[in-house]
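K.L.:
Have a look at the structure that comes next, please.
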Amino acid sequence: LHRKFEGKLKTATVSKTTTGKFYISILVDDGKEKPDTQYFDDDSTIGIDVGIKDFAITSDGEKIDNPKYLRNSMQRLKVLQKRLSKKQKGSKNRVKARLAVSKLHEKISNQRADFLHKTSSKIISENQAIAVESLNVSGMLKNHCLAQSISDVSWSMFFNQLEYKAEWYGKTILRIGQFEPSTKICNVCGFHNKEMTLKIREWQCPICNTIHDRDINAAINIKKFALQNQNLIIT
């Protein structure tokens, strides 16, 4: 028993992984009320834009690297899967080969979950409100050129963690629509750059001459749009 708890035990669920490990998940009612939502303003709010090259980009200019756990393990995974395909069905060697593949998949999953938990916890602890963009991840996965990269980056899991951790600690998640032109608008003067394409990573506003990093500009605009929807004054 590595984690103690207090409260009324509701359910206990036993599960077994494909690598033969057993886990028990315990649901406990601790009787505590959820904390009140904390006050937030422009200074205590951060905007986050997610991507594939960089996992997340914040409105204060920080870029969080995408660890790409699946991609970095792909060569080894291909070797193990090729070995598995050559084993005779029903043999003990095939069972061993399948276990090796499962262990690598489990390692990748654990690495990804650990990274997401640490990143989401850090963001929640440092800010009162987090502004993000609503994404149609299931629709984006239909793009076969990007499907593997999108699955590896796990945006849905990240947003889910932000939401329930914000609820735990009385923080606020602000969402803007997925069709808001956060990338194309200059965050300084509001110029709408209709010529923006996915290939453009940096551009200069022809009105105020501000040079924008595409992703940082998007994160700043996500924060601005979200706060405007809350009728807060933006400086």
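K.L.:
Sequence neighbours fewer than 8 away in the same chain don't count; with that in mind, list the aspartates and glutamates whose C-alpha is under 12 Å from LYS34.
P.N.:
Straight-line reach from LYS34, under 12 Å: GLU167.
K.L.:
How large is the dipole of the chain about the Cα centre if only Lys and Arg carry +1 and Asp and Glu carry -1, each at its Cβ, rounded to the nearest 20 debye?
P.N.:
Values: 39 positive and 25 negative charges, 549 e Å.
With Lys and Arg at +1 and Asp and Glu at -1, about 2640 debye.
K.L.:
Using a 7 Å offset from the Cα along the Cα-to-Cβ direction at both GLU6 and LYS78, what is the distance between the two label points in nm, to one decimal?
P.N.:
5.5 nm
K.L.:
Which of the cysteines in the chain are isolated, no other cysteine C-beta under 4.7 Å?
P.N.:
So far as the 4.7 Å Cβ criterion goes, CYS145 stand without a partner in the chain.
K.L.:
Also: Among GLY31, ILE46, THR58, which residue has its Cα positioned farthest towards the positive end of the charge dipole of region 1-61, with +1 placed on the Cβ of Lys and Arg, -1 on the Cβ of Asp and Glu, and the dipole taken about the Cα centre?
P.N.:
Comparing the listed Cα positions along the dipole, GLY31 ranks first.
K.L.:
Give me the percent relative contact order of region 13-143, please, defined on Cα pairs under 8 angstrom at least 6 residues apart. List each step's numbers first, then the result.
P.N.:
Working: 99 pairs, mean separation 35.4, N = 131.
This gives 27 percent for region 13-143.
K.L.:
Can you give me the Kirkwood hydrodynamic radius for region 76-189, using every pair of distinct Cα atoms, in Å to one decimal?
P.N.:
On the way: mean 1/r = 0.0574 Å⁻¹.
One over the average 1/r among Cα pairs gives 17.4 Å for region 76-189.
K.L.:
In Å², and per residue, what accessible area does region 117-197 have when probed at 1.4 Å with the other protein chains present?
P.N.:
On the way: 4340 Å² over 81 residues.
Counting only protein heavy atoms, the per-residue value for region 117-197 is 54 Å².
K.L.:
What base-10 log of the normalised intensity I(q)/I(0) is obtained for the chain from the Debye formula, alpha carbons as equal point scatterers, at q = 0.13 Å⁻¹?
P.N.:
Taking Cα atoms of the chain as identical point scatterers yields -0.94.
K.L.:
Cα centroid distance between region 150-184 and region 88-103, in Å?
P.N.:
Centre-to-centre (Cα) distance: 39 Å.
K.L.:
Can you pull the percent of region 8-234's accessible area that's carbon plus sulfur, 1.4 Å probe, other chains left in place? Before the final figure, lay out the partial values.
P.N.:
On the way: 7300 of 14300 Å².
The computed percentage sits at 51.
K.L.:
If you don't mind, another one. I'd like to know which of TYR164, ILE185, GLN111 lies farthest towards the positive end of the charge dipole of the chain, counting +1 on Cβ of Lys and Arg and -1 on Cβ of Asp and Glu.
P.N.:
Going by the charge dipole, the pick is GLN111.
K.L.:
Shifting gears a bit: Would you kindly state how much longer the chain becomes between SER44 and TYR23 on full extension, computed as 0.36 nm times their sequence separation minus their alpha carbon distance, in nm to one decimal? Walk me through the numbers before you get to the answer.
P.N.:
Values: separation 21, 0.36 × 21 = 7.56 nm, distance 3.86 nm.
So the extension gain works out to 3.7 nm.
K.L.:
List the pairs from LYS21/LYS223; LYS68/LYS171; LYS53/LYS171; LYS16/LYS82; LYS96/LYS142 whose alpha-carbon separation is above 32 Å, in the order I gave them. Intermediate values should be presented prior to the final figure.
P.N.:
Details: LYS21/LYS223 43 Å; LYS68/LYS171 29 Å; LYS53/LYS171 28 Å; LYS16/LYS82 26 Å; LYS96/LYS142 34 Å.
Distance filter (> 32 Å) returns LYS21/LYS223; LYS96/LYS142.
K.L.:
Moving to a separate point now. LYS8: which lysines have alpha carbons under 16 Å from its alpha carbon, excluding same-chain residues fewer than 8 sequence positions away?
P.N.:
Cross-link targets: LYS32.
The values are calculated or read from the model by the stated rules, or taken from the named source; none is laboratory data. Values in this document were obtained by computation on a predicted structure and should not be read as measured data. In this analysis, Cβ positions are derived from the backbone assuming ideal geometry, glycine residues included, and neighbour counts consider all displayed protein chains. Ligands, DNA and RNA are stripped out before the accessible areas are found, and what is left, the full protein with its side chains, is counted by its heavy atoms. Shrake-Rupley method; radii C 1.70, N 1.55, O 1.52, S 1.80 Å.
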